[in-house]
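The values are calculated or read from the model by the stated rules, or taken from the named source; none is laboratory data. Only a predicted model underlies this, so the values are computations on that prediction, with no experimental measurement involved. Neighbour counts are summed over all protein chains in view; Cβ atoms, including those assigned to glycine, are modelled from backbone coordinates with ideal geometry.
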Amino acid sequence: MSTTPEPRTQAQVLEQERRRLSQRLDEVARLCEAPMPPSAFYSELLSRLLDSLAALGGCVWIRTPQGNLQQAFQINFGQAGLDNDEARGIHDALLRLAFTNGQPLHLPPRSALAAEPGQTAPGNPSPHLLLLVPIRQNEQVIGLIEVLQGANRPANAVPGFLQYMGLMADLAGRYQRNQLVGQLVGQQQLWSQLELFTRTIHSSLNVTEVAFNIANEGRRLIECDRVSVVIRPRGERAKVEAVSGCDVVEKRSNQVEKLRALSDHVLEWGERLVFTGVKDDSLPPKVLEAMDAYIQESPCRLLIIMPLADEREGDGKDKPKQPPRSALVMECFEAPADETQTTARLDVVSRHATSALYNSMELRRIPFRWVWMPLAKLQEGLGGQTRAIVLSVVAGVSLIGAALWALPYPLKVDSTGSMVPVVRRVVYAPAPGTIEKFEVQPNTNVAQGRVLASMYDNTLFQKMNGLRAEIESAQRQAEEAHKQAARIGISPADKSKAESDAALKEIERKAKEDELIELIRRTNGNINMPGRFNLVAPTLSAAERSQVGQSDWLVLSSNFQELERREVRPNEPILRLGVTTGKWEIELKIPQKHIGQVLKAYDRFGRDQPLDVDFLLLSDTTRVFRGKLYLNRISPEATTSQEAASESEPVIVAYVEVEDGVIAKDSNVVEQLGRNNLVSGTEIRAKVYCGNYRAGYSLFYGVWEFLYEKVVFFF
């Protein structure tokens, strides 16, 4: 028996090669399910593919999110001869064509395909056989597998090469699909964490609770060592509100104080601060100084302070731009494996933390929250806003109605008036006539009996001259009668008759003289200047002298000069005089619709008791005074005289006493009215106290009387 091995047949060789290729496919298929990065997977895939095809080199191209082809991995691809721009352009055009067509493609060495005019013709600029197979995922081309094969390979082997590359491309597509699923799962986990973080930080409007939630949950989401939250209310300095992993922030600690100072300067600066272990001299001096002080206290290798500026703070156009009111501080004590990913997660956390902190800080700004929050809970307990409003209105109306019904309130009726002296006179003309000249000026003192104005009346002139003529005629006739009686030889009868006529004429003369004297006295006329007479200041009565003594009158009128050269009648007032050194009183004009309430008050308090009158002068509206109104000082009739013509309805004139210029404003306070305020004619606004009634009636009695007059009276 021979010991030499039997030669293998061609079928055995092919079977062995088929098993080897299948084994390579199985290995790559197992790698598809393994959690390995793309570079490692494509390295294993490409090395097994090149070994299986006995190829010179190859490359895997993957489409980027932007739509470009990017080299994922290559082996000996430098042998493709793409050393110049022209060759790279021809090769890039070939890649675009293969990616667009989505079909396997092979090109002989130094060959090209047809192209449109003006465009680069796709081709194979290398001295090797070029094989291209698309990588598909969900019927879409996501990449290419390119293999450089020897130029001396037989043409009938190319379909087998492409078929085997297609199997590898299917496995690459499966790997990409698994990677996408893994990314989606990772993203789902990240979104779940982010959703939990968002719900947590927005679950409260208390600034401290929000800050602690951001610090603790944000640290787990960012995967760093420490997160701190700094806030700075308007007009205050920054303070560290929360630190991850700490239940209480010790604000007096050196490290917290330096972090607070650093954050304060960063918020003033308004930009992000990033420290990676290297000092940046381009930072603002205050920020740089504060950062150096903090780095000496904290062993961090990565420090990022992110100012949180909410868009509602102001856009600089419609609203003024406001500096940030909060900041997020992230610290890593060891350098992170992927700093970019850590920074990206910080950006995500900061965007959600910004709105949460803004909302809570805006709530903190509301004054009297300790009042509004219980009211809000009460509103919820009552069944919502609408029901709470309805119940509040009903309760308020009920309370107001009960108060108007049960509580007493003083009834005060409004009236107007003027300040006048107690001793005053209105001067009228003693007879009709024309005022020729006034002998006094406004606001001047005049003695009793002084001439105020000179007047002339033609009727008086004629009357005085007639009386004088009649006196002279009677005098002559009496003298003639006496002469007739004294003649010699007259008969006794004629003498008796003459003496009787003389006596009658004497009586007539005497009567005319008395009439003339009375006329002169009554008109203050001048016997030597008939028709001329004077206005004379009146004489004080005994009662008036007992109040003011022998005082002079003061001319109170101011516009009497316009009466010169005008004819006046005895019922027309010309001048008003008063004694201002004595007592004063208020001439009050009570509307007739109020006089009933005033008279009722005397029935309640006693007809001999005065009513209190609160009043203020329009010349001194900052003080309220009080006077007394007696029943006997109220006029018994409503007047519509010329003086009250400005009133919209008849008024009842009453006089309020002001005792010695001192007026009690209430039972305990006495106010001195002051002589400067005692100006005749000064307007007064007064309220007459008529006693306590139900508050509803005191406040709205006018409405009730109007309704009674206009509505109830007719039913």
### Message
Please count how many residues of the range 521-565 are assigned to a helix (DSSP H, G or I), out of contact with any helix residue (DSSP H, G or I) (no Cβ under 8 Å at 6 or more places or on another chain), within 30 Å of L467 (Cβ to Cβ) and of a type outside the set (K, R).
### Response
1
#### Entry: In the range 71-113, the residues that are within 21 Å of V141 (Cβ to Cβ), touching a helix residue (DSSP H, G or I) at 6+ places or on another chain (Cβ under 9 Å), at pLDDT 85 or above and surrounded by fewer than 17 Cβ atoms within 10 Å (Cβ to Cβ)
Q71
### Message
For a quick check of your reading: which strands (runs of 3 or more DSSP E) sit entirely within the range 104-190 and have at least 1 residues that are touching a residue at least 60 places away in the same chain (Cβ under 8 Å) and among the aromatic types (F, W, Y)?
### Response
none
### Test: N465 is part of a loop (DSSP other than H, G, I, E, B), touching a residue at least 12 places away in the same chain (Cβ under 8 Å) and either farther than 30 Å from E683 by Cβ or not β-branched (V, I, T) (or both)
no
### Query
Condition test on L617, is it of a type in the set (A, V, I, L, M, F, W, C) and farther than 28 Å from F706 by Cα?
yes
#### Entry: Only listed residue being of a type in the set (D, E, K, R), crowded, with 21+ Cβ neighbours inside 10 Å and either assigned by TED's automatic domain parsing to the domain that holds L167 or under 60 Å from the mean Cα position of the chain (by Cα) (or both), chosen from E139, E146
E146
### Query
Do you know which residues across the range 468-513 are closer than 30 Å to V536 by Cα, out of contact with any strand residue (DSSP E or B) (no Cβ under 9 Å at 6 or more places or on another chain) and surrounded by 12 or more Cβ atoms within 10 Å (Cβ to Cβ)?
E470, I471, E472, R509, K510, A511, K512, E513
### Query
Can you tell me which residues in the range 35-50 are crowded, with 22+ Cβ neighbours inside 10 Å and of a type in the set (S, T, Y)?
Y42
## Note on the structure
Considering residues that are more than 48 Å from the chain's Cα centre (by Cα), modelled with pLDDT of 85 or more and among the acidic types (D, E), the number found within the range 612-659 is 2
### Task
Would you please list the contacts, defined by Cβ atoms under 7 Å and residues six or more apart or on different chains, that run from a residue in the range 353-369 that is under 23 Å from T200 (Cβ atoms) and in contact (Cβ under 8 Å) with a residue 40 or more places away in the chain to a residue that is loosely packed, with under 14 Cβ neighbours inside 10 Å and among the charged types (D, E, K, R)?
Y358/R312
### Query
Under the condition of being at pLDDT below 85 and surrounded by 14 or more Cβ atoms within 10 Å (Cβ to Cβ), which residue from the range 558-571 is nearest to A431 (Cα to Cα)?
L563
### Task
Sort out which residues of the range 437-462 are part of a loop (DSSP other than H, G, I, E, B) and surrounded by fewer than 16 Cβ atoms within 10 Å (Cβ to Cβ), and write them in order of number.
E439, Q441, P442, N443, T444, A447, Q448, G449, R450
### Task
Could you give me the residue pairs with C-beta distances under 7 Å whose first residue belongs to the range 591-620 and is assigned by TED's automatic domain parsing to the domain that holds V658, whose second residue is assigned to a loop (DSSP other than H, G, I, E, B) wherever it lies, and which are 6+ apart or on separate chains?
P591/E649; Q592/E649; Q592/P650; L617/T682; L618/T682; S619/V679; S619/T682
### Message
Quick test for you: out of G582, G596, pick the one residue that is at negative phi and in a helix (DSSP H, G or I).
### Response
G596
### Residues that are crowded, with 18+ Cβ neighbours inside 10 Å and farther than 14 Å from Q23 by Cα, drawn from the range 51-62
A55, L56, G57, G58, C59, V60, W61, I62
### Message
Condition first: within 21 Å of D247 (Cα to Cα), of a type in the set (D, E, K, R) and exposed (fewer than 13 other Cβ atoms within 10 Å of the Cβ). Now tell me which residues in the range 190-213 satisfy that.
### Response
R199
